[in-house]
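Bear in mind that the values in this text are calculations on the coordinates, not laboratory data. Fair warning: this is a prediction, and the values are worked out from it, not measured in the lab. Reconstructed Cβ throughout: ideal geometry from the backbone, glycine too, with neighbour counts over all protein chains shown.
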């Protein structure tokens, strides 16, 4: 069965022997670029096109299709980029058709596996359609849809291949721009995640170029003074000056390219923010001023923003799949964590299309009153504010989840409870010896019954309490203050997570909460 991908979507490839083709009413050429983890070509010989028709595991046949044997691809490769282009020197149309290009993958038997309608703005002469990439022992395919006005020359230059043909001086690749790729609300998470991936790869490329420039400069400066007899000569001074100039030129080019790419990503985020579901949008988005949700079931939840000290003003959203498959643990003092908890809670409560989502809260310190009081109408039971009542509430929640599982297995769907958010504040202080085990049970079985879990408190007890240690291991950790680093899954670079908070402005905060209760 053919899987039709939208931009940013990815699936596991069921076959290692594939055929890549692209079709449209206008003639298009196909080619393939084999790249490393930074999307840089392994070498110029790893570009397969009509003048160089084969590389390890890749062959361009006479029918304008690329045959791929992924098990034979160079072991140093992290990905294979499937490309379409037009030849601007011919009498045919000199740009890819605005109506788009249909890119397909088939298996060795000719069975269609993947189709992607590549969205274009109409000025591109080359585009990356699909990215085939390694994930552990598997190969996956992602729909990309990144176009280049400068054609193959620009595309290759951006991916580390030297070409004789002059390329565009525009520092950023012509991505099929923000307005050109419609936002599918049902796949909003994948769109935002794709922007994170673009940012991660762009940042990795910039860092790699910067490190290379500095390492080359260091080597050249060391070599220039290696001979003691010429160490203080005028010729050495000139050599060092030229080495510094080369370093500065390379750094300037890398900085300009990175600035252009990040500007484009920031613009894309600005354009799609009003179109995102509230669970993914910023609190400044017009979606939060609407009195009613759109009714679209979201597939993601925004936790905060990622940044890095050496990357300037670059900020990208950090999101996770929704419904959650594991609890969120907000680390830190509950009073400091309250605005973070509130932000996540309101996003989670609107993440479901059901109008009957409910809230259960344990709040011994009372630090969550700023959210529990305005959202009192959503509470399915009074807030637990005494330690002696925690065990009974957790037991009732666990029994409810168990009954829901039994009902679902028996096909009695009207007994499955409405989506529910459980917030356990002040953990583990005031909680009994068996409460961590009850919470682990909720974490394991709650998602299947529509129950999501937020834990708030410190994790120091994980050193001595096995139940707390289990929760620490399975939970997605979010800082309430301080620094928490996140390693991206593509380049393994480190990012700093700054969690979202409910707006500090009283009027804006009230507007957000009112939109929630008025949905």
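Observations
- Binning the alpha carbon pair distances of region 221-285 at 10 angstrom intervals from zero yields the distribution 19, 23, 16, 14, 12, 11, 5, expressed in whole percent.
- Using 0.36 nm per residue and subtracting the Cα-Cα separation, the extra length available between residue 76 and residue 507 on full extension is 149.7 nm.
- Distance between modelled label sites at residue 255 and residue 270, nm, 7 Å Cα→Cβ extension: 2.2
- Considering only region 374-519, percent of DSSP beta bridges that pair antiparallel, nearest 5: 35
- Whole-number percent relative contact order across the chain, with pairs defined as alpha carbons under 8 Å at least 6 apart: 12
- Averaging 1/r over each pair of different alpha-carbon atoms in region 465-518 and inverting the result gives 14.4 Å, the Kirkwood hydrodynamic radius.
- Between 0 and 90°, nearest 10: helix 334-350 axis offset from the chain longest Cα axis: 80
- Remark on region 408-499: hydrodynamic radius 15.4 angstrom, per the Kirkwood mean of 1/r across alpha carbon pairs.
- Using a cutoff of 8 angstrom between alpha carbon atoms and counting only pairs six or more residues apart, the relative contact order for region 323-482 works out to 39 percent.
- A protection proxy built from the mean count of other Cβ atoms within 10 Å ranks the segments 342-352, 127-137, most packed first, as 342-352, 127-137.
- Net length gained if the chain between residue 399 and residue 138 were fully extended (0.36 nm per residue, minus Cα distance): 90.0 nm
- With respect to the chain, whose longest principal axis is taken over its alpha-carbon atoms, helix 506-517 is tilted by about 80°.
- Among 140, 257, a tally of other beta-carbon atoms within 10 Å of each Cβ gives an order, fewest to most, of 140, 257.
- The chain: antiparallel DSSP beta bridges as a percent of all, rounded to 5: 75
- Working ranking of peptides 33-44, 54-65 by packing, defined as the average number of other Cβ atoms within 10 Å per residue, highest first, is 33-44, 54-65.
- Within region 361-519, the ratio Rg/Rh, alpha carbon atoms throughout and Rh by Kirkwood, equals 0.99.
- Mean residue ellipticity at 222 nm, helices only, the chain: -10500 deg cm²/dmol; runs of at least 4 DSSP H residues each add -39,500 (n - 2.57), and the sum is divided by the number of residues.
- With respect to the chain, whose longest principal axis is taken over its alpha-carbon atoms, helix 234-272 is tilted by about 50°.
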